[in-house]
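Have a look at the structure below, then the notes.
The values are calculated or read from the model by the stated rules, or taken from the named source; none is laboratory data. Keep in mind that what you see is a predicted model, and the values were worked out from it rather than measured. With ideal geometry, Cβ positions are generated from the backbone for all residues, glycine too; neighbour counts draw on all protein chains shown. These area figures cover heavy atoms from the full protein model, side chains too; ligands, DNA and RNA do not enter into them. Shrake-Rupley method; radii C 1.70, N 1.55, O 1.52, S 1.80 Å.
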Amino acid sequence: MNARNPAEAVRNVVEAAAEKVTDALTPQVPGAPGSAPPPRDEPTTPHEPLPPKPEQGAPQTRTPTGAETGAPATANGQQGAFLTTAQGARLRDTAHSLKAGPRGPVLLQDHHLREKITHFDHERIPERVVHARGAGAHGEFTAYGTAEAVTRAGFLAKGRTTEVFVRFSTVLGSRGSADTVRDTRGFATKFYTDEGTFDLVGNNMPVFFIQDAIKFPDIIHAGKPHPDREIPQAQSAHDTFWDFVSLHSEAQHHTMWNMSDRGIPRSYRTMEGFGVHTFRLVNAAGETVLAKFHWKPKLGVHSLVWEEAQLLGGMDPDFHRRDLYDAIEAGAFPEWELGLQVFPDTPEETFAGIDLLDPTKIVPEELAPVQPVGKLTLNRTPTNFFAETEQVAFHVGHLPPGIDVTNDPLLQGRLFSYVDTQLTRLGGPNFAQIPINRPHAAVNDMLRDGFHQQAVHAGVAPYRPNSLDGGNPFPAGADDDAFVDVPVQVAQAPKVRANPASFDDHFSQARLFWLSMSPVEREHIIRAYTFELGKCYHQAIKERQLQCLANIDPVLCAQVATGLGLPAPEPTVPVADVEPSPALSQVGRQWPADGRMVGIVVDPDVDLDSVRAVREAVFAADMVPLLIAPHGGTIGDLPAQRSFATGRSVELDALLLASAPAPAPDAIPARDAKAGAAGSTAVDPRVLLMVEECWRHAKAIGAWGSGVTVLEQVGVTGSPGVVTGDSASDVLTAVQQLMADHRVWHRFPTPTPVA
């Protein structure tokens, strides 16, 4: 670089790069995410920032008062070839927090971690940087008393009932994005205990993409929409996400969960929750164990199929939110059991060879069973969505006596980040005084003033020790149920930015998850990888991710490679020999159908008595019947909840055909595009489309009377999960039995090799 004129040297480099990029991109199919194609391997030779793409512009460079500066538009962009702090100091490492040894706690003096996390936490105003799209509900938690041996947390004492507020969310999308995107879901629970608020801030997946919080801005920046076009919204099917996870192999386990059916839950009510991290529990005797938190839905774990998720994104982007609130309104209160996996608190902090401080790892339930400790019931919807769901503030550091943290480096960074992000999002340090966040325990904190202070503090001495306020507030004594930081021994070690060697295994648990799936779930994973990588622009990124898949499982890699039209690479590391964990599969068990939606197709000529009886039986089974008719209003004396124009199969869990409706007056493509689905038929084409969609989405279908002719016209009579009969009640009984499996998966044999 020209030392006499650095600006001119930078300009020369940029202009030379721009000339090369222009040549490389002409002609080119639109859609490239960057101004130059990426190499197959991670770039390591320093160079100046790439120039903007040819079609990109930028505001003029003017002073705050509007004067021209004469500088190029790129002057407002990043400068130089090296990673620096905001003050321009060059950095050697941005992937590891400064710790007291590889397994020690993160040090407060880590100014780079603080700057990086702080800046990240303040990137969005006013919506959350992540988990912006959410829905919340009130409820209560009742403890079984089975946790009293391992923790003295009062809310887990037998018979104790604690009020809660739960917020479910997606991670990547904005507040206006769709519910049914493929994404990780947040599952955050605020327990208003009488010993102080406890926030269990988890996800619907038990692992995370990264092992160290310092990389959280990196994974979220990679997953968010591309910064130039702000697309794609609320999804990971794009180059920047796959660029990061294919280079960052510790993300492969969580990525596998995202590509599975777990990434598109059927409902918040059928979604597991996990605390992700390992926590330390303390009992009344001061004894400690390590533990992981699990939420187990009473209705089982179920998901949408991919086409349903896509259709719902357009038909009902609020599907999960609506399902949650409709279920509560209907009295089908969502329920989960809170469970604990408990491990000995050993100096190594491992169990069965698994590092308990690594948030990219699970402990299979076959090795450490989940022990139920209480039940959560959501029974009230918010009165005001903003005041409650949007302003609720969670923090992993909101802990009651009896629960403490560990040295998990992702958890340690979260302990800093949550308070920091509320300062901007909620306008100051008094966010705990917002009604939804107020503790249900006495507060005497000596914190004063600040933005939005709502308390009117008495006294003159908010400090300790004091005599002017009579010594109040007093420290809690040994018998006063005070929170105690467990005095864990910290090993003597140098300050390093590094991980322990046990964090280096990035593929064995992704393989464990794959091998634990049923054949149909494996098909869905293959489909998801193929779709998402197929949406990437650059071949190099696809090839790089295929290499990661080869290191996980050769069958998975080969199937995805075939879909992408690429060769399957050989593994670069030995493929792990692991035992499957059947508990990870969503298939193979039966569950209650409470709150499920059952569509009943009717017309004016239907046998109303049989429909009335079926409708009452559906209600009696704690499900919701939706009459689907040629028009709104009523059919006889029964209300029609949907018409053929407004109804769609994706909102149903099962379909019953009580009649074979002739085409309605609005069954013309000019008025309803769905009416063109089957051409000229004796049955309304929208009913045929509904049956065909339910069939290919593996849903149970039943018919009696003239409804059987609809199945014959679609051509699905006699296939698995399609029930016919003379008695409406017998058909419903058979359909209910099928719904206990969630889907009729055996309708579609899976061709994928499973070995």
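Some notes on this structure:
- Computed Rg/Rh of region 82-167, alpha carbon atoms with Kirkwood Rh: 1.19
- Judged by the ratio a/c of the largest to the smallest principal axis of the C-alpha gyration tensor, the chain counts as oblate, that ratio being 1.5 or greater while a/b is no larger than b/c.
- If only the Cβ of Lys and Arg carry +1 and only the Cβ of Asp and Glu carry -1, the dipole of region 434-522 around its Cα centre is close to 400 debye.
- Separation of the Asn472 and Val484 label points, Cα + 7 Å toward Cβ, nm: 2.8
- Loop-located trypsin sites (Lys or Arg not before Pro) in region 599-686 (DSSP state other than H, G, I, E, B) with a sparse environment of at most 16 neighbouring Cβ atoms within 10 Å: Arg671.
- Excluding exposed DSSP-loop chymotrypsin sites (Phe, Trp or Tyr not before Pro) (at most 12 other C-beta within 10 Å), longest clean stretch of the chain: 83-450
- Accessible surface of region 135-241 [probe 1.4 Å, protein heavy atoms]: carbon and sulfur percent: 52
- Per residue value of the accessible surface for region 216-313 (all protein chains in place, 1.4 Å probe), Å²: 24
- In the structure shown, the pairs Lys224/Lys699; Lys116/Lys495; Lys296/Lys361; Lys296/Lys535 are assessed against 30 Å; a Cα-Cα span above that value is assigned to Lys224/Lys699; Lys296/Lys535.
- Expected 222 nm ellipticity per residue - DSSP helices of 4 or more, -39500 (n - 2.57), all of the chain, to 500: -7500 deg cm²/dmol
- Anisotropy class of region 527-590 from Cα gyration tensor, a/c 1.5 cut: oblate
- Trypsin sites (Lys or Arg not before Pro) restricted to DSSP loop in region 391-477 with at most 16 other C-beta within 10 Å: Arg448
- Once the C-beta distance of Met315 and Asp730 is scaled by a Förster radius of 25 Å, the resulting FRET efficiency is 0.20 to the nearest 0.05.
- With all protein chains kept in place, the per residue accessible area of region 391-480 amounts to 52 square angstrom at a probe of 1.4 angstrom.
- Region 517-674, accessible surface, carbon-and-sulfur percent (1.4 angstrom probe): 54
- Counted by Cβ distance under 11 Å from Gly707, the other residues give a net charge of -3, where Lys and Arg count +1 and Asp and Glu count -1.
- The per residue volume of the convex hull around the alpha-carbon atoms of region 111-226 is 156 Å³.
- Charging the Cβ of each Asp and Glu at -1 and of each Lys and Arg at +1, and nothing else, the dipole of region 145-267 about its Cα centre rounds to 380 debye.
- Relative contact order %, region 334-388, counting alpha carbon pairs below 8 Å whose residues are six or more apart: 50
- Estimated dipole of the chain in Debye, rounded to 20 [Cβ of Lys and Arg +1, of Asp and Glu -1, Cα centre]: 1080
- Gyration tensor (alpha-carbon) shape descriptor, region 165-221, a/c threshold 1.5: oblate
- In the chain, excluding the sites themselves, the longest stretch lacking any of the GluC sites (Glu not before Pro) that are in a DSSP loop with at most 14 other Cβ atoms within 10 Å is 367-755.
- Two-site FRET efficiency, Asn444 against Tyr325, from Cβ-Cβ distance with R₀ of 35 Å, rounded to 0.05: 0.40
- For region 183-252, trypsin sites (Lys or Arg not before Pro) meeting the loop criterion (DSSP other than H, G, I, E, B) and having at most 12 other Cβ atoms within 10 Å: Arg229.
- Extension reserve of the Gln109-Arg90 stretch, reckoned as 0.36 nm per residue once the Cα distance is removed: 5.1 nm
- Here region 406-430 and region 134-161 have alpha carbon centers that stand 24 Å from each other.
- For the pair Glu163 and Ala458, a Förster radius of 22 Å applied to the C-beta separation gives a FRET efficiency near 0.20, rounded to the nearest 0.05.
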